[in-house]
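> One structure coming up, written as structure tokens, with questions to follow.
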Amino acid sequence: MNSKSTDWKALAVLCTGFFMLMLDSSIVLIALPSISADLGQSVADLQWVMSAYMLSFGGLLLLGGRAADLLGRRRAFIAGLGLFALASLAAGMAGSAATLIAARAAQGTAAAIMAPAALSILTTMFAEGPERNKALGIWTSTGAIGGTAGWLIGGPITDGLGWEWIFLINIPVAACVAVLAPMVLRESRVEATRRRFDVAGAATITAALLAIVYAAVEAPKVGWLDGRTLVMAAIAAMLVAAFVRIESRSAAPLAPLRVFRSRALVGGNLLLLMLGMMAFGMPFVLTEYAQEVLHWSPVHFGLAFVVMPILVAVGSTIGQTIATNGGLRTVALLGMAFSGLGALLLTQVSVGGTYLGDLFFGIVVFGLGVGGVYVAGSIASLTGVAERDAGLASGLNNASFQIGGAVGVAILSSVAVSSAHGSNQLAALTAGCQTAFAVAVAFAAVGIAVAVLLLRRPSAARLTAAADAEPSGA
């Protein structure tokens with residue numbers, strides 16, 4: 001069988017698994033009001049149904065990437081599939097909010113095993129350059145579409161079958177991918193005399209993320225200068241410092257500090273972090289506005305927002321073409337500018353809003369930006385990475401986006417709730433959404449600054465040297 005043909009078939013299998021993971025990051029958005037009514041929890045409290053998935057996904061990705069490098073990438077991918085199917089079954093059968101949140105955390109853990117394994121298989125299959133950029137363009141388009149297609153798919157499933165099926169539908173998909181994976185994926189791993197895992201590093205960085213998200217959730221309610229907020233922020237800072245110290249001294253670090261000497265890798269991951277904050281946080285606010293203020297059904301919402309995955313795909317395709325021709329920084333700047341402009345347009349939503357008058361143009365512009373930034377951030381964060389660090393770089397890539405998602409949902413949902421003041425409930429909810437969209441504009445501004453400062457055009461040789469260099473001293 002032709003080797004290149006096999007590689008593209010393998011890419012199709014990997015993208016199917018990745019689509020499922022990204023779909024589960026967002027599909028729950030549409031179902032939150034139904035879950036809230038069924039389980040007796042407020043929608044604001046149920047933001048942890050989303051955050052539990054993204055936190056475990058993002059917090060354990062580096063450990064998952066390291067495990068894939070050492071134990072075998074194909075093996076890790078298939079093992080993660082099995083765990084994801086079991087966790088999806090538990091989520092679909094959940095009878096309480098606590099059980100559902102625990103199942104979502106298990107889903108995120110499985111995703112943290114699957115995603116870096118899949119992306120590192122991709123980067124070792126395709127040589128750096130146009131061919132890899134094309135494969136990454138397909139990969140990022142798949143992820144971006146999966147992250148937004150949940151809006152379309154979730155509505156009909158929730159209304160027609162019940163919210164449980166947004167999780168149960170994963171089981172047959174995971175089974176099909178598990179059957180095909182051994183047929184088309186080649187096993188690969190880093191040869192090492194000892195297989196050591198930095199459990200202390202993984203535990204420290206995950207705890208730090210939990211502290212950050214908890215502080216972001218509580219701060220709008222109790223105040224940014226409240227003692228509880230400051231204590232959690234201090235704990236998070238200390239845990240991050242401890243993580244850096246652990247990594248600098250570990251014989252088998254989870255994230256070797258040498259990789260952060262690559263300007264492209266750092267810039268790409270910061271872009272994905274800011275994009276995740278917008279791409280997950282804004283839809284959370286949008287679904288609240290559409291269903292609580294405009295009184296749309298889940299199906300109505302899904303059909304109205306079908307334009308989003310289409311525009312994300314268009315933005316990804318255009319971005320991949322420009323980036324391959326040397327315009328990576330241009331794609332990042334334009335993508336972030338479009339995302340910020342989309343959020344700015346959505347600050348004008350009103351109580352008696354209409355789809356064309358209040359939402360359509362903002363969503364179109366935002367979707368184009370999301371697709372472009374996702375491509376630019378992904379290519380930048382994997383440029384010049386040595387094969388031995390493929391799993392690590394892939395883990396960082398996915399972790400940045402998912403962690404950004406968890407933090408973005410926490411911040412924007414909390415801002416929307418805390419800003420909803422007034423005797424008129426619908427007017428208050430609308431005002432809260434407007435404030436949240438304005439905060440998203442600030443996220444985009446930070447992303448533009450990152451692109452300007454970090455996405456210069458160093459030579460490939462310099463990037464490779466930066467990735468391979470040992471740290472001069474922690």
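> Would you confirm, using the coordinates I've provided, whether residue 244 is farther than 23 Å from residue 439 by Cβ, part of a helix (DSSP H, G or I) and touching a residue at least 60 places away in the same chain (Cβ under 8 Å)?
yes
> Do we find a residue being closer than 14 Å to residue 19 by Cα, surrounded by 19 or more Cβ atoms within 10 Å (Cβ to Cβ), modelled with pLDDT of 80 or more and not charged (D, E, K, R) anywhere in the stretch 181-190?
Checked the stretch 181-190: no residue is closer than 14 Å to residue 19 by Cα, surrounded by 19 or more Cβ atoms within 10 Å (Cβ to Cβ), modelled with pLDDT of 80 or more and not charged (D, E, K, R).
> Take the conditions closer than 13 Å to residue 19 by Cβ and of a type in the set (A, V, I, L, M) and apply them to residue 145. Does it pass?
Yes: the conditions hold for residue 145.
For every residue, the table says whether it meets (1) within 19 Å of residue 199 (Cα to Cα); (2) among the small types (Gly, Ala, Ser); (3) touching a residue at least 40 places away in the same chain (Cβ under 8 Å).
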site: 216; (1), (2), (3): no, yes, yes
site: 219; (1), (2), (3): no, yes, yes
site: 229; (1), (2), (3): no, no, no
site: 233; (1), (2), (3): no, yes, no
site: 238; (1), (2), (3): yes, no, no
site: 255; (1), (2), (3): yes, yes, yes
site: 258; (1), (2), (3): no, no, yes
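> Checking residue 349 against (1) free of Cβ contacts under 8 Å to residues at least 40 places away in the same chain; (2) buried (at least 19 other Cβ atoms within 10 Å of the Cβ); (3) β-branched (Val, Ile, Thr), which single condition isn't satisfied?
Single failed check for residue 349: (1).
> For residue 347, are the conditions met, namely being at pLDDT 85 or above and not small (Gly, Ala, Ser)?
Yes; evaluated as a whole, the condition is true for this residue.
For every residue, the table says whether it meets (1) under 30 Å from residue 418 (Cβ atoms); (2) crowded, with 21+ Cβ neighbours inside 10 Å; (3) out of contact with any Cys (no Cβ under 9 Å at 6 or more places or on another chain).
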| site | (1), (2), (3) |
| --- | --- |
| 16 | no, no, no |
| 22 | yes, yes, yes |
| 28 | yes, yes, yes |
| 33 | yes, no, yes |
| 64 | no, yes, yes |
| 95 | no, no, yes |
| 119 | no, yes, yes |
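> May I pose another question? For residues in the stretch 166-180 being under 30 Å from residue 37 (Cβ atoms) and under 22 Å from the mean Cα position of the chain (by Cα), which is surrounded by the fewest Cβ atoms within 10 Å (Cβ to Cβ)?
171
> Might you check whether a residue that is basic (Lys, Arg) and not in a helix (DSSP H, G or I) occurs anywhere in the stretch 134-151?
The answer is no, given that none of the residues of the stretch 134-151 is basic (Lys, Arg) and not in a helix (DSSP H, G or I).
> Filter the stretch 10-56 for residues that are under 16 Å from residue 162 (Cα atoms) and within 16 Å of the chain's Cα centre (by Cα) and give the result.
24, 27, 28, 29
> Condition test on residue 290, is it surrounded by 23 or more Cβ atoms within 10 Å (Cβ to Cβ), more than 22 Å from the chain's Cα centre (by Cα) and modelled with pLDDT of 80 or more?
Against the criterion (surrounded by 23 or more Cβ atoms within 10 Å (Cβ to Cβ), more than 22 Å from the chain's Cα centre (by Cα) and modelled with pLDDT of 80 or more), residue 290 qualifies.
> Take the stretch 222-260 and flag every residue that is of a type in the set (Asp, Glu) and either more than 16 Å from residue 200 (Cα to Cα) or surrounded by fewer than 17 Cβ atoms within 10 Å (Cβ to Cβ) (or both).
226
The values are calculated or read from the model by the stated rules, or taken from the named source; none is laboratory data. The shown structure was predicted, so the numbers you read here are calculated from the model rather than taken from an experiment. FYI the Cβ positions are ideal-geometry reconstructions off the backbone, even for glycines, and counts take in every protein chain you see.
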